[in-house]
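The structure under discussion appears below in the form of structure tokens.
The values are calculated or read from the model by the stated rules, or taken from the named source; none is laboratory data. These figures come from a predicted structure and were not determined experimentally. Cβ sites come from the backbone with ideal geometry, for glycine too, and all protein chains shown count toward neighbours. These area figures cover heavy atoms from the full protein model, side chains too; ligands, DNA and RNA do not enter into them. Shrake-Rupley method; radii C 1.70, N 1.55, O 1.52, S 1.80 Å.
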Amino acid sequence: MRKNIVAGNWKMNTTVQEGVELAKAVNARVKGTATQVVLCTPATHLTEVSKVINQPALALGAQNCADQVSGAYTGEVSVSMIKSTGASHVILGHSERRAYYGETNAILAAKTKLALAEGLTPIFCIGEVLEEREAGKHFEVVKQQLNEGLFDLSAADFGKVVLAYEPVWAIGTGKTATPEQAQEIHKVIRDHIAAKYGQPAANDCSILYGGSCKPSNAKELFANPDVDGGLIGGAALNADDFMGIVNAF
Ligand code: PGA
């Protein structure tokens, strides 16, 4: 059965030292939680953060990886480098990567395969922009992102992927999807997975919600049957806020 997961996406925030302090604060407070908690730090922080986390509930992740195995790709960070820090997860296809760095579904499909081959768990992000929602195309958009980004995977590999639905209009805007909007599209996503890989595979897939998730709205979002946790940006930078979300289950 699928896990409840709360992943913090620190984005391009904190120095290594600040990140280590934040990770220590979370580590001290996740003891005993049944939720899988993941800290997705900047790549520069992974090795140091990995030294200060030791709770079974707490995992470490990167926010991106290269689309090549190794070699002359200046500035890139490979999946084996990420794995060697002690990280177990990697966010792929975040809307900021798609919008600002030109990451296409095809690039993301390649990154996903590399991550899986290295034994990393992809947290694969999908979601529509405001114009697409207003045009009533949001279901179509997420289905296409799944078809082109993930549905080339074998059923066994798909079973290792965590999904995050993040409406782009809700990211960092303070505007959250309503619990009804989240449940509606999470169900569409799960049904689409079921049509491709079968209902048991769909039932086993954790689908996180992301976009202005806070301690004050996490409970009602997570109460939905098809919402299995959250991918948290801004609120992950403060241990109290982040733990308020983790404890919303
Ligand atoms: P936010 O970001 O929580 O700050 O809206 C979520 C995300 O981008 O993953």
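Numbers at a glance
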| item | result |
| --- | --- |
| Positive dipole terminus of the chain, leading residue within Thr178, Ser80, Gly234 (C-beta point charges) | Ser80 |
| Portion, in percent, of the accessible area of the stretch 5-246 that falls on carbon or sulfur, probe 1.4 Å | 52 |
| Solvent exposure ordering (accessible area, 1.4 Å, most first) of Thr44, Thr121, Thr178 | Thr44, Thr178, Thr121 |
| Net charge over other residues, Cβ less than 13 angstrom from the Cβ of Gly149 (K, R count +1; D, E count -1) | +1 |
| Computed magnitude of the charge dipole of the chain (debye, nearest 20; Cβ of K, R +1, Cβ of D, E -1) | 560 |
| For the stretch 181-207 and the stretch 113-160, distance of Cα centres in Å | 12 |
| Residue list for the stretch 225-249, given a label point 7 angstrom along the Cα-to-Cβ vector of Gln181 and an amide N cut-off under 19 Å | 225-235 |
| Reach of Lys24 by Cα under 16 Å, taken over lysines that are not fewer than 8 positions away in the same chain | Lys51 |
| Simple label model, 7 Å out from Cα along Cβ direction - Ser216 to Asn238, nm | 1.1 |
| Heavy-atom surface of the stretch 104-249, accessible at 1.4 Å and reported per residue (Å²) | 39 |
| The chain - mean residue ellipticity at 222 nm from DSSP helices (-39,500 (n - 2.57) per run, n ≥ 4, rounded to 500) | -12000 deg cm²/dmol |
| Sparse-neighbour loop sites [chymotrypsin sites (Phe, Trp or Tyr not before Pro); the stretch 68-134; at most 16 other C-beta within 10 Å; DSSP] | Tyr73, Tyr101 |
| Among Asn54, Val129, Val246 the positive-end extreme of the charge dipole of the stretch 5-246 (Cβ point charges) | Asn54 |
| Approximate spin-label separation Ser70-Ala25, in nm, with each point projected 7 Å along Cα-to-Cβ | 3.8 |
| Among the listed pairs Lys3/Lys137; Lys160/Lys187; Lys137/Lys196; Lys160/Lys219; Lys3/Lys175; Lys11/Lys111, those beyond 24 Å (Cα-Cα) | Lys3/Lys137; Lys160/Lys219; Lys3/Lys175 |
| Packing-based ranking, highest mean first, of 203-209, 91-97, 227-233, 213-219 given that Cβ atoms within 10 Å are counted | 227-233, 91-97, 203-209, 213-219 |
| Where Thr74, Thr85, Thr14 fall by accessible area, highest first, once all protein chains stay in place (1.4 Å) | Thr74, Thr14, Thr85 |
